[in-house]
Amino acid sequence: VKSTDGGQTWRQTGLTFATENTTHVSRLFVVPDDPNTIVAATYGGIRRSTDGGATWQSVSTSATTFRDLVAHPTNPAILYASTFASSGNAAIFSSADTGKTWKLMRSIQLANRIRLAVSADSPDRVMAVASLGFAAGSDRAQGLEGVYRLDNPNASWQKLTLSGN
């Protein structure tokens, strides 16, 4: 749904899923200088709209279940998205063209899900927190797989060493 009057009224957009489908939207990003361009991280892949959400196109990636989506704070063409994978191998993807194309940056073998954050003070730095478990009551070990840092788009992801304090 979409509101153009500060939430007074709402209307259906073109981003719909079958009611029997478990697909849902995890994150939305609206391009600040072009509010007609919207990128959605969904459990059915990355979707992109250039007409304010009236219609949506699926963007091809090697993954289908996306959990998080963040943008570079000073260059909104640069996006990062992470996946959810119940059997492990959650991954981080990047886009340099406002979500038109995506490339795999890193896959984390034991991780089920990854959350992302971009530093406003260091806009080229991206942080990722990878976790092991994915649901309450799961028989898999739950907890932290690791914290990762990317210092610039051309660098490699570094797994940080964490102390017990």
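Worth a mention:
- Residue 117 without any contact (Cβ under 8 Å) to a residue 60 or more places away in the chain, surrounded by fewer than 17 Cβ atoms within 10 Å (Cβ to Cβ) and assigned to a strand (DSSP E or B): yes
- Among the residues of the stretch 36-52, those identified as part of a loop (DSSP other than H, G, I, E, B) and either under 15 Å from residue 97 (Cα atoms) or at pLDDT 90 or above (or both) are 36, 37, 50, 51, 52.
- The one condition from (1) within 25 Å of residue 152 (Cα to Cα); (2) buried (at least 17 other Cβ atoms within 10 Å of the Cβ); (3) touching a Phe, Trp or Tyr at 6+ places or on another chain (Cβ under 7 Å); (4) free of Cβ contacts under 8 Å to residues at least 60 places away in the same chain that residue 47 does not meet is (1).
- Filtering the stretch 123-165 to residues that are of a type in the set (A, V, I, L, M, F, W, C) and either modelled with pLDDT under 80 or assigned to a loop (DSSP other than H, G, I, E, B) (or both) leaves 132, 134, 135, 136, 141, 155, 157, 160, 162.
The values are calculated or read from the model by the stated rules, or taken from the named source; none is laboratory data. Not measured: the values here are computed from a predicted model. Heads up, the Cβs are rebuilt from the backbone with ideal geometry, glycines too, and the neighbour counts pull from every protein chain shown.
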